[in-house]
Amino acid sequence: MPPQKKQLLVRRLALYIAAVFSSLGLNGCKTGCTARQSNASGPHQHLRVGEAITSVVCARRRYNDTLLFVRAGETYRFVIHSPNSWKDWYHSTCAGGYPSMFLQKPWESGRVIPTANWFALCGEITLGERFVIGNGPSQHPFQSSGSLFLFANDHPWSYWNNFGQISVSIVRMK
Ligand SMILES: [Ca+2]
């Protein structure tokens, strides 16, 4: 079988498995995640310089709403709390994520942020930039304004087999 056809077959099989698990109701945030605000979509607050909030990021959610609104030109600092641990199926990792293992190589370009590690803690602004936080502490100067969402970097159809959550403090620096 030609390699391209084989790759297509593997992808179709993976999509089928993802669909089966989704239909079994395993794509929610039922395992290892108790964060209520992860699913929230309420009024978003805007921090003053020096103010901070703590947000919980559930690995199984593509969009974890921090309930924060940030503006272009502001800088925020991200500090990961202990235990810094979550799991991509059977693979335990941290907010820094992990590089591709053999079978994951062909899927790298499909990750939400293709150049970041699998499961690296990342952020994004609605209709704005995406950025990597990792193990931190790290700072990000925002170039766009909007609501801030956090996520474990994964392939969009592969969130169903994610477990755990990581807490992160978000402080406005500028
Ligand atoms: Ca996954």
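Exposure proxy shown here: for I133, I53, I170, the number of other Cβ atoms within 10 Å sets the order, fewest to most, as I53, I170, I133. Note on S92 and E51: the model spin-label points, each 7 Å out from Cα along the C-beta direction, lie 3.8 nm apart.
Every number in this text was worked out from the coordinates using simple rules, so none of it is lab data. Worth saying up front: this structure is predicted, and the values here are computed from it rather than measured. FYI the Cβ positions are ideal-geometry reconstructions off the backbone, even for glycines, and counts take in every protein chain you see.
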